[in-house]
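Notes follow once the structure below has been shown.
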Amino acid sequence: MSRTARPETILKRSEELINVGQSSAALTALGEVITSRKFKSAPIASLEPIMMRFVDLCVELRRGRTAKDGLLQYKNISQNTQPQSIENVIKHFIKLSEARVADAQSKAEAAAADLDVDDLEESETPEGMLLGAVTSDENKDRADRALVTPCLKFLWEAYRTALDILRNNARLEVPYQQVVHQVLRFCLQFKRKTEFRRLCDLLRTHLQNVTRLSHHTHAINLNDPDTLQRHLDTRFAQLNAAVELELWQEAFRSVEDVHNLLTMAKKAPRPSMMANYYEKLSRIFMVSDNNLFHAAAWSRYYALARGNIKTEDELTRLSSLVLLSSLAVPVISSSAPGTGNLNKSKSDFLLGDQDTISRTGRLTSLLGLSRTPTRTGLLKEALSRNVLKRVRPEIRELYDILEVEFHPLSICAKIEPIIAKIAENEEMAKYIKPLHSVILTRLFQQLSQVYDAVKLDKVMELVSSFKAPYAYTREEIEKFCLNAAKRGHLNISVDHVSQAITFQEDVFSADSHPAASSSGHQDSVRLQATPGELVRTQLTRLATCLDSTMRTIDPSVVEEAQKAKRDVFARAMAVAESEHKAALARKAILARHKELLHERARDEAKAEAERARAQAEAEQKRQAEEKRLKEQERIKKELEAVRAEETRKMAQSLREKGGLKLSEEEYANLDTDKLVQLQVSQIEKEKKDLAERLRVIFRRMDHLERAYRREELPLLEKDYERQKTDDLAYNQRARKVALDAAREKHQSDVEAKKRLTRILPDYHDMKKSIEGKRAKELAEKRADSQRKIEAAKEQRRKEVAAAREERRKREEEEERRAAEEAELQRIKAEEEERAAEQRKIEQAKKAELEAEKRAEIEARQAKLEEQAEKQRQREREIEERRANEKRAASAAAGPTLAGDSTWRRGAPAGAVASARNASPAASGEERPAPAFGGQKTGGWRDRLAAKQAGGAGMSEPPSRAASSSPAPSPAPAAASAAPAPAAAPAPGGWRERMAAKQAAGGAGSGASTPPSAAPRQQQQQQQQQQGGGDGFTEVKRTAGAYRPPGAR
């Protein structure tokens, strides 16, 4: 098979081989393709048909191992991209194998049916007699072994292959479980117990590998509820199959598997599933004669299944089984540590068999119980569930006889009819044998409470009520007594001399069984206390009697005891709070200590993880570096090896051609370039030699051809003459043959004409009749066709008219819709125009309202400014009046203050004189004092008055000053005409000099104000006048300043 062939070509080639009967060759070809590397890179869609054909051939030829290898290869290719494909192939494989088994079964049945006897009088053939002597198989069994068994083996191998391929892959989990259910059905159908055991072992191995391979990419996650549920369903099906095949060991192992899976489940399983689980457990325990756990399983099953029971009969049956199974638990074995240990002595129980305890613990865990069940506990649980009212009457009577009533002499006679009724029920008859053990135990327990010794004949008379097959012999009674005494449940001995059974009672002995004291339950109804119990409880009874006597004689003892009790409770309550706080503190300390330990452990773990990570990173870097170096070295060696190989091949080719005569060492020392040059020169030399040989051969052929043609000329003339003669003779013979044939044909045609002439009238008549019929049929067909054409035309006219009408309606509808849309657009445009006009009107109204608000605000502001201006005017007048008064007072007290205050600042005489001349008192008229006209006077009051006077004069606007004064004042002219001498030296300290300097600078600046600065000064004066005399300057509004909507 070609390695470059496409999958379609390969499949076609295999089909051709199968068609010619070479199925083995086709399978071999497909197997080679599947195992090739090119098979892995091909698309899955083209590989699946090949696998289907491959599986068909494997099933046909029974090549199970080949099929497994091919399926493993295909799984490795498709499980990561298309797991559905491998699932389809596996299903097809199993389907074909099952169909093969079904065909083999049908063939075997047909072969068994075909074994008819030729001679009816002969009872058996000699061959049958011989086979019957050798083997005991029937004819059908031999046919099955010859035809069906090989197919069954192949089907089992196919199942094993499918499970091995689908295992431990989450993507293939569903088909895996489906195949498991198919294998279980296969084992049940063909009763394959050995294969079932192998299947159970295989499934356990796969389940163990699930936990071991949990780190893989597509590993199965048992924490997923759906996956766990599928495994549980499979294990329950396995359990049902094991019970049906009666493989009780495998059933018990399956129960353990189910229990292990249930412990892993995060949510509780379905009640129906658990009911099935306990029902199968009860059957297993019944087969193993473990009556105690059988009754416990029935009790658990009843707790789950009673809610789903619909009929009263079913509830009665189930209740009767639960109570009867609990009653059938042997009394002797149920109290011992571990059940089913019939050969254990008292010393063995005292030592405590660890194997028995562990086995009992396993069974208890399988039932989901917290402690080992007991017979008394099971009966109490049944009674608590009101089972006694639902059971059958005979079961209720049996319970009363065994557990309630005390009748040692009539117990067997009362129970015998009940046993007979129970034996009639097949489902309850299996409890009769363990019930007899319970009956005998109750009999001897009750007899031991009444009698010290009983004749063996009397015991046989008591048990004689039981009829066969449940009758007892003396040996059986003695054996039962010996077993009870051996296990320590009865202190009993058999006296064979007197033929009596003696009940021994050691008053100083311990309990009859080591488990009796721990169980705390009484297994039988007691009539009176035994002597041993009286001896053991003597001191207790004496203490109780003395206590009651003392309480009767001296009641104060009771009061003191109660008082002591109250004191104890009070002390306990007093100490409880402090102990509680101490416990809380200790708990907090322990919690903190634990937190610190956790933190330290976490830090250490983090540091360890960091160190491990650093080491891992360093190791990875080192390994990567080593890998890189090794890779470089490998590539270098490969290149050198490739070059050496090329050199060797080139040298070998040159040596084989024989063009060079060199030794091995010379060939080894030559490199590739030199060898290429040698090879090129060798090729050129070979070309030249070849051209020379061709030239010589060409000349030789030319001379030889010329010689041939020279010798050929006379022979050609002779051959031409011979050919002309032969052609003339052949022509004459052919013409003669043609004339004879034409003559014979003419004669035969003439004879045929004569014969046909006789039937010519009949031919014409027949022709006319046929033409008449055909003409009539043609006319009818033409008429029919014309009618059909007219009908089609009419139908077409109707269709065209309907189409035109529909098109007209559609056009009208479109025009109507267009008109409606245009009207809607027009209405919408009008509404938009009205809305725009409304918005404009609203905007205009809003603008008018804003204008009115602004006007109102401006009017209010103007009014407020006017009022503020009047207020400022009044304040200025008051301040001027006060300043004038102060100046007058200072002028009157000037000489005294000047003479007395030598420490004050001195003022120049000219400044004081000018101030006095400029004062209103001296001039007789009111005018403001210049701010920077002269030096300040001596005291701070004078300076303050001068400052206030100067500020008032500067802040007063000309217009309002003119309006407030009765006549224009010539103060500015006087001030400009007679300026104060600013250059006079200011006596005193630096403060006086600084004040004089400021005064001189202010005067100079006021005198030398440039013309351009005059408007700015006027603007500042106007702002000061508008701002008032409070010393604050009003800031002018800018054009881009923010204004509220109402003031815009």
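Quick look at the values:
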quantity: Amide H contacts of Lys455 (H built 1.01 Å from N, under 5 Å, at least 5 apart or other chain); calculated: Ile501
quantity: Pairwise label distance in nanometres, Arg634 with Glu617, each label 7 Å out on the Cα-Cβ vector; calculated: 2.8
quantity: Burial ranking of peptide ranges 723-733, 453-463 (average Cβ count within 10 Å, highest at the top); calculated: 453-463, 723-733
quantity: 25 Å Cα-Cα threshold exceeded, pairs from Lys191/Lys280; Lys606/Lys630; Lys38/Lys95; Lys91/Lys267; calculated: Lys606/Lys630; Lys38/Lys95; Lys91/Lys267
quantity: Burial ranking of peptide ranges 442-451, 756-765, 680-689, 51-60 (average Cβ count within 10 Å, highest at the top); calculated: 51-60, 442-451, 680-689, 756-765
quantity: Cβ-derived FRET efficiency at R0 45 Å, Asp103 paired with Ala624, nearest 0.05; calculated: 0.15
quantity: Debye, to nearest 20: dipole size of segment 157-217, +1 on Lys, Arg Cβ, -1 on Asp, Glu Cβ; calculated: 240
quantity: Additional length obtainable on full extension of the chain from Arg541 to Phe406, 0.36 nm per residue less Cα span; calculated: 46.0 nm
quantity: Qualifying lysines (Cα of each under 20 Å from Cα of Lys627; at least 8 residues distant if same chain); calculated: Lys636, Lys637
quantity: Unit Cα scatterers, Debye sum, segment 21-68: log10 I(q)/I(0) for q = 0.13, 0.25, 0.27, 0.29 Å⁻¹; calculated: -0.28, -0.94, -1.05, -1.15
quantity: Most to least packed among 587-599, 413-425 [average Cβ atoms within 10 Å]; calculated: 413-425, 587-599
quantity: Quarter of Cα convex hull surface for segment 781-874, i.e. mean projection, nm²; calculated: 8.0
quantity: Neighbour net charge for Lys863 - beta-carbon separation under 13 angstrom, K R +1, D E -1; calculated: -3
quantity: Fully extended contour minus Cα-Cα distance, from Arg699 to Glu608, at 0.36 nm per residue; calculated: 23.2 nm
quantity: Cβ-Cβ FRET estimate between Glu790 and Glu314, R0 fixed at 60 Å, reported to 0.05; calculated: 0.15
quantity: Extended-chain gain in nm, criterion 0.36 nm per residue less alpha-carbon gap, Thr672 and Ala471; calculated: 61.4 nm
quantity: Amide H within-cut-off set for Ile492, under 5 Å, with H built and near neighbours excluded; calculated: Gln504
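Here, each number is a calculation from the coordinates, and none is a lab measurement. Keep in mind the model is a prediction, meaning the values are calculated, not measured. No Cβ is skipped: glycine too gets one built from the backbone with ideal geometry, and neighbour counts run over all protein chains shown.
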